[in-house]
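Read-outs throughout are calculated quantities, based only on the coordinates presented, and are distinct from any laboratory measurement. What you are looking at is a predicted structure, and each value in this text was computed from that prediction instead of being measured. Cβ sites come from the backbone with ideal geometry, for glycine too, and all protein chains shown count toward neighbours.
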Amino acid sequence: MKKYISLLLVLCLCCTVCGCSKTEEAASTPAPTATPTALPEFVPSAVENTETHDELRLYRDFLELNYVPITSVCGFISGVGLCDLDLDGSAELILFDAGASSSMGVQLFDIENGAVVCVSASCVEVGSLYKGSAFDKRHYVDTVDFSAFRLIELADGQLFFTVTSMNGDDTLRFIERFRFGRDENAMLTLSCLCCANEGYDPETGELRYTVYTRDDATLTDGEYTEINAALDSAHDLGYAVSGHFIWESDSYSSEYSGVMAMYDAAADGYTPAV
C-alpha cells in the first residue's frame, strides 16, 4: 500500500499536467504495477430492473470481467465511484485512471440495452474498447477527485450536476466546465458550458494568451465571467459522490481485489441524488 501512496504523492507534485494519450508532449501513463495471475470465477448477476438499482450489479460484473483490459490501457484504476449524474434515477459508473500529474483522467459509463458502455473517456483507449452509441469522443473529464462533481440549482430552478475539468502541459492549459444531462434514449451526456485555454512560453512559463470558448464558439471575457459567476453562485445541494481512492484505506489498491473493494464500498454507500 505504501508504494502506491508514494507513487500518487509524486504524481501530484508534478508541475506539468497531462491526460491519457492526449498530446505528443504529455507524459506516458504508468504501466500497471502488477497483473493478477488469476481472477476469481466470474458468475454473471441476474438483472431485474433499474428501479431497485440493479445497474449496480451490472457495473460490478463489468469490472470483474474487464479489470485486466482496462488497467492494461490506462495504467491502473485509482478511484471508483457511483453517481446519478443525469438525474434519471439510475447511477453511472465513474473510474479515475492512473493520471500522470495532479489531474487524473475520468472514464464515465452508463447502461445501454442492458450492457455497460463508455460515454466519455479521458483515456481514449478505454473509450475505443467500450464505447456505446452515445459515446462522446469530444468531451472528456480530467480532474482531481470526486468533489469536482457538484449537484447545483441555478436561480431559475435548473437542477443538474456539473464538473470542472483541467489539464495541459508546458505550452497549453485548459479549465473546462461541463453540465451533465441525458439524451432521448436516457443516456448520459456532457455539455461544455465554458472553457479557458491558456498558452504559455515553455521556456519562461510566461502566459502568452487566454482564449475563452464553448466548443467551437468563442466567448468574450464578459461572457466567460458571467457563466462562471452563475455556476459559482448557484445553490450547492451538498451531494457527495459515493466514491473511493486507493490511498484512503489499506483495503484499497490498484490490484483486482482492491479495485473491487473500492467498488463495493461505493455501492454500499450509494444513495440517489434526487
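Dipole size of region 185-274 about its Cα centre, with +1 on Lys/Arg Cβ and -1 on Asp/Glu Cβ: approximately 280 debye, rounded to the nearest 20. Projected label points at THR271 and LEU65, each 7 Å from Cα along the beta carbon direction, are separated by 3.2 nanometres.
For ASN113 and ASP221, what is the calculated FRET efficiency with R₀ set at 30 Å and r taken between the beta-carbons, to the nearest 0.05?
FRET efficiency, ASN113 to ASP221: 0.10.
For region 217-249, the residues whose backbone nitrogen is under 13 Å from a point 7 Å from the Cα of ALA155, taken along Cα to Cβ, are 226-235. The length gained by stretching the chain between ASP264 and LEU207 to full extension, at 0.36 nm per residue less their Cα-Cα distance, is 16.1 nm. Measuring r between the beta carbons of LEU172 and SER72 and using R0 = 30 Å, the FRET efficiency lands at 0.60. Between the residues VAL106, CYS74, LEU93, the greatest Cα displacement towards the positive end of the dipole of region 73-147, with unit charges on the Cβ of Lys, Arg, Asp and Glu, is found for CYS74. Shape index of region 192-274: Rg/Rh, with Rg the Cα radius of gyration and Rh the Kirkwood radius from the inverse mean 1/r over Cα pairs, equals 1.19. Its Cα gyration tensor gives region 103-215 an equivalent ellipsoid; the semi-axes, largest first and in whole Å, are 28, 19, 11. Placing a pseudo-label 7 Å from each Cα along the Cα-to-Cβ vector at ASP183 and SER233 gives an inter-label distance of 3.5 nm.
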